[in-house]
Amino acid sequence: MPSDYLPFHPDPSRPRYRAPAGAVDAHCHVFGPASRFPFAPGRRYTPVDAPKEKLFALRDHLGLSRNVIVQASCHGTDNSAMVDALHAAGGRARGVAVLAEDAPEEEIDRLHAAGVRGVRFNFLRRLVGEAPRESYRRIAERVAPRGWHFVVYFEGADLPGLVPFLTALPGPVVVDHMGRPDISAGPEGAGFRAFLSLLDSQPRIWVKVSCPERLTLAGPPYDDVVPFARLLVARYPDRVLWGTDWPHPNMRSHMPDDGALVDMIPRIAPDPAAQRRLLVDNPMRLYWPEEAG
Ligand code: 0GY
């Protein structure tokens, strides 16, 4: 099946930065292989196969220990490829699923047993059309009793209309990719300031300092994105997560070097204590609470 976006970096550099023991890549995906796990008929893009073996090899190459595998829109509500990866990971991966509103209870049980700890609500029109907000609410009510959290993906410009939805969710909320701010406005821009106000007033909302490659206007080494991430890490040290976003689905401008993404970590979290929280303590609390110290 031909893909319609760039393939992931074939030979990422080995990072100079050494992540602390137990570091978690808290945002990555597995795709296919399509021959075994077909992509969703209604998908908006077709990725290249990015199977679990490649993900685990990348984890080791980058000096990381664990993965949080997030279901992406191209696999729709069929979480089989992600669950297959969780089963193969020997306890070193947890998952975030996408659910149909009428998913049977037994399916949610199976996902939980496999290591799923969150459900994703995607609001990007280019990926899902008009987001079914009422349906998301009902799904949230169904999974909240299991202690799952909510991973929410939206464009910065859509934040004002989403605040009532986000603040009413019955559990922790994790915002993907820094809330996709308008980088051209700088960290003082009104949209990013509104996001910070929301985080200030809602201690249940976490944020991923991920995806500089998707947000940048300047390109690598993503100098224009660093101030946003650095500010979030400094201001919310206990509710930031970091991830590679491998295999960078739907990227059409350029494909990042995953080693270079790891080497950005000391630029966004300058001191070792902040790095440890970002890469180990915070993701462990959310995804492996039974092991968290
Ligand atoms: C990401 C980014 C994207 C895609 C998806 O669900 C998805 O298809 O997440 C994107 O196109 O921005 O989170 O990796």
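Summary table
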| read-out | value |
| --- | --- |
| Which listed residue is out of contact with any Asp or Glu (no Cβ under 6 Å at 6 or more places or on another chain), within 16 Å of the ligand (Cβ to nearest atom) and within 24 Å of Ala21 (Cβ to Cβ), from Ala229, Ala234 | Ala229 |
| Test: residue in region 101-115 that is of a type in the set (A, V, I, L, M) and within 16 Å of the ligand (Cβ to nearest atom) | no |
| Within region 42-80, considering residues that are more than 16 Å from the ligand (Cβ to nearest atom) and buried (at least 18 other Cβ atoms within 10 Å of the Cβ), the one farthest from Trp288 (Cα to Cα) | Pro51 |
| Region 135-153, residues that are under 22 Å from Arg44 (Cα atoms) and more than 20 Å from the chain's Cα centre (by Cα) | Ser135 |
| Only one of Ala34, Ala21 that is buried (at least 16 other Cβ atoms within 10 Å of the Cβ), more than 12 Å from Trp246 (Cβ to Cβ) and not hydroxyl-bearing (Ser, Thr, Tyr) | Ala34 |
| So Pro38, is it farther than 21 Å from Ala100 by Cα, in a loop (DSSP other than H, G, I, E, B) and either touching a Ser or Thr at 6+ places or on another chain (Cβ under 9 Å) or without any contact (Cβ under 8 Å) to a residue 60 or more places away in the chain (or both) | no |
| Qualifying residue in region 231-244 (condition: crowded, with 17+ Cβ neighbours inside 10 Å, under 25 Å from Leu58 (Cβ atoms) and hydroxyl-bearing (Ser, Thr, Tyr)) | yes |
| Counted residues, region 152-172 - those being touching a helix residue (DSSP H, G or I) at 6+ places or on another chain (Cβ under 7 Å), away from the ligand (no atom under 16 Å from the Cβ) and β-branched (Val, Ile, Thr) | 1 |
| Odd one out for Gly186 among (1) more than 16 Å from the ligand (Cβ to nearest atom); (2) closer than 30 Å to Pro104 by Cα | (2) |
| Top-ranked residue of region 198-218 - restricted to ones that are in a loop (DSSP other than H, G, I, E, B) and either modelled with pLDDT under 95 or over 16 Å from the mean Cα position of the chain (by Cα) (or both), ranked as nearest to the ligand (Cβ to nearest atom) | Thr216 |
| Failed item, numbered, when His27 is tested on (1) touching a Leu at 6+ places or on another chain (Cβ under 8 Å); (2) surrounded by fewer than 18 Cβ atoms within 10 Å (Cβ to Cβ); (3) not in a loop (DSSP other than H, G, I, E, B) | (2) |
| Options Arg36, Arg44: the member that is under 22 Å from Val119 (Cα atoms) and of a type in the set (Lys, Arg) | Arg44 |
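The values are calculated or read from the model by the stated rules, or taken from the named source; none is laboratory data. For clarity, every value in this text was computed on a predicted model and none was experimentally measured. Ideal geometry is used to build each Cβ from the backbone, glycine not excepted, and the neighbour counts take in all protein chains shown.
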